[in-house]
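What follows is a short report on a single structure.
The values are calculated or read from the model by the stated rules, or taken from the named source; none is laboratory data. Nothing here was measured: the structure is a model prediction, and the numbers come from that model. Ideal geometry is used to build each Cβ from the backbone, glycine not excepted, and the neighbour counts take in all protein chains shown. With ligands, DNA and RNA removed, areas are computed over all heavy atoms of the protein, side chains included. Shrake-Rupley method; radii C 1.70, N 1.55, O 1.52, S 1.80 Å.
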Amino acid sequence: MAQYDYDLFVIGAGSGGVRAARLAAMSGARVAVAEEDRVGGTCVIRGCVPKKFMVYASEYAGHFKTAQGYGWSFPEAPRFDWPTFLAEKDKEIARLSGIYVTNLQNAGAELVHAKARLIDAHTVELVGKEKTVTAGKILIATGGRPWVPADLPGIEHVITSDEAFHIPQLPQRMTIAGGGYIAVEFACIFKGLGVDVTLVHRGPNILRGFDDHVRAHLAEELERKGINVLLGCQHERVEKTAAGLVSHLSNGATVESDMVLFALGRAPYVEGLGLEAAGVAVEDGAIVVDDFSKTNVESIWAVGDVTNRINLTPVAIREGAAFAQTEFYDNPTSFDHEMVASAVFSQPAIGSVGMTEAEARHAHGQVDVYLSRFRAMKHTFSGGEERALIKLVVDAKSQKLLGCHVVAPDGPEIIQMAAIALKMGVTKAQWDSTCAVHPTLAEELVTMREKYMPQDLGPVA
Ligand code: NDP
């Protein structure tokens, strides 16, 4: 490949791109990475990481309340200072971004601060630098961007998750549009931080794609926290008035607030990438790839959200690693997209792996369901009202676990371990042979013996 400037040119220094670049460089390949923004991508700069800090900050509201049930009292009501939090959060994000830069350098990859545009199958223009470079292989890892309906009247008054990480002052009232991961997570975050939150979602329930019991349970918990959940309607326009922003909804209702956040999904970031010039095929806005993340062009690959497969950081990392193994370590590797666990950092949070009950019934016919809804002992003591939900979906014939769903503060932590067992094909008998850890919330996972019958799900004491 000596006829090229680099063996590998990576476009985008996010989770997938950085992992691929580092691994490839560590094999001895000549690697460069172009990034037009800060190094770290969505996850580190404007996604998972700052969001988790916001979740931690927000959860204290509930902790302070619970503490009182355990005998704590506060001479003064605890106060939260958003600008202080923002400054600390930004410091930590800068530190983490710096670690990404150092890791790239230590691996021997060159970092180029520029937007990169494909000129052809082996050539990349560094926009604004009046320079082109060539590479034997090119990896596109540009991620995604928040999508908003550009033609909605008043859309200019609306913010997305990108801006939510930097609002200078917390509003008193916030309207959030959407019923997916970001809408639900931010609704809980801002509610915990003292904002009056209204969630507006077009569907019959939030979190389409998750198990129906999980969706119903979480919607109930959101309302219990005081979030105003409006279902079956959506924004028709946003009007700026002297009193704030007025959301005009499709059902004729209006909601007045000080800030409107749209979280209606994210779109692959392919603008200005020169995909047409290089002949890279795109479908529904996403780059089309095969099991090895290769595009239709022999020298170009793509990983992560820009391919719109499973849009999660760890998936992008594994796709990037598999690409590097295949192309630079002579070890053909494709990432298995089955049984990928995911978490929604709502309050309580969701951890989920495998099939929903509906998916399992569709794929396997007969399934056994085990379901438990309860108040954790932490709350029965303190008088807290929050409920947990644990659900197992089992193939009636093989008795293999097809799905495991947990709604609880530690749901995401719990599901990481459950995912190992499900990925290994655990049966219900093997699962149940695991002795419980007591007293924990998670012990309920291995002590559910009675199959769930639909009439069982009454109110929880
Ligand atoms: P999601 O795809 O999760 O949700 C989008 C929401 O917007 C859905 O409720 C959808 O409704 C609704 N919607 C879509 N289009 C419209 C429209 N035109 N009008 C009204 N409502 C609409 O997207 P998010 O933005 O929440 O998150 C993007 C992705 O980022 C996630 O899918 C996930 O992959 C990733 N992510 C992961 C997180 C995690 O792992 N914890 C956290 C945050 C993001 P409907 O259901 O009816 O289609």
Using 0.36 nm per residue, how much length does the chain from Ser334 to Phe74 gain when fully extended, once their Cα-Cα distance is taken away? 88.1 nm
What FRET efficiency, computed as 1/(1 + (r/R0)^6) with R0 = 45 Å and r the Cβ-Cβ distance, is obtained for Ile420 and Ala243, rounded to the nearest 0.05? 0.30
Evaluate the relative contact order of the range 291-424 (contact order divided by residue number), counting alpha-carbon pairs under 8 angstrom at least 6 apart; express in whole percent. 21 percent
Mean projected area (nm²) of the alpha-carbon convex hull when the range 139-214 is viewed from all directions: 7.5 nm²
Measure off 7 Å from each Cα along the Cα-to-Cβ vector at Glu223 and Asp162, then give the distance between these two points in nanometres to one decimal. 3.6 nm
From the helices alone, meaning DSSP H stretches of at least four residues, give me the mean residue ellipticity at 222 nm for the chain, per-run term -39500 (n - 2.57), in deg cm²/dmol to the nearest 500. -9500 deg cm²/dmol
Sequence gap at least 6, Cα distance under 8 Å: using those rules, report the relative contact order of the range 1-84 to the nearest whole percent. 23 percent
Env charge @ Val260, Cβ radius under 14 Å, K,R +1 / D,E -1, value -4
Among DSSP beta bridges lying fully in the chain, give the percent that are antiparallel, nearest 5. 60 percent
How large are Rg and Dmax for the range 151-267 when only the alpha carbon atoms are used, in Å? 13.3, 42
Accessible surface of the chain [probe 1.4 Å, protein heavy atoms]: carbon and sulfur percent: 52 percent
Find the Rg to Rh ratio for the chain, where Rh is the Kirkwood radius over alpha-carbon pairs and Rg uses the same atoms. 0.99
Run down the lysines and flag those whose C-alpha is under 29 Å from the C-alpha of Lys137, throwing out any fewer than 8 positions away in its chain. Lys115, Lys129, Lys294
Percent relative contact order of the chain, based on C-alpha pairs within less than 8 angstrom and at least six residues apart? 15 percent
Under 17 Å between alpha carbons, and skipping anything fewer than 8 positions from Lys131 in its own chain: which aspartates and glutamates qualify? Asp5, Glu35, Glu36, Glu110, Asp120
If packing is taken as the average count of other Cβ atoms within 10 Å, what order do 29-40, 63-74, 396-407 fall into, highest mean first? 29-40, 396-407, 63-74
Given R₀ = 41 Å, FRET efficiency for Thr84-Ile119 by Cβ-Cβ distance, to 0.05? 0.30
Farthest towards the positive end of the dipole of the range 177-257, among Leu207, Val238, Phe190 and with Cβ unit charges of +1 on Lys and Arg and -1 on Asp and Glu, lies the Cα of Val238
Contour minus end-to-end for Asp196 and Asp151, with contour as 0.36 nm per residue of separation and end-to-end as the Cα-Cα distance? 13.5 nm
Using +1 at the Cβ of each Lys and Arg and -1 at the Cβ of each Asp and Glu in the range 317-455, identify which of Val406, Tyr329, Tyr452 lies farthest towards the dipole's positive end. Tyr452
Contour minus Cα-Cα span, Ala253 to Arg361, at 0.36 nm per residue, comes to 35.1 nm
Determine, from the Cβ-Cβ distance of Glu236 and Ala67 and an R0 of 35 Å, the FRET efficiency 1/(1 + (r/R0)^6), rounded to the nearest 0.05. 0.20
Under a straight-distance cross-link criterion of Cα-Cα below 25 Å, which lysines are reachable from Lys397, leaving out those fewer than 8 residues away in the same chain? Lys423, Lys428, Lys451
Distance from the Cα centre of the range 376-445 to that of the range 203-277, in angstrom? 30 Å
Per residue accessible area of the chain, 1.4 Å probe, in Å²: 47 Å²
For the range 1-96, just the Cα set please: Rg and Dmax, both in angstrom. 21.2, 73
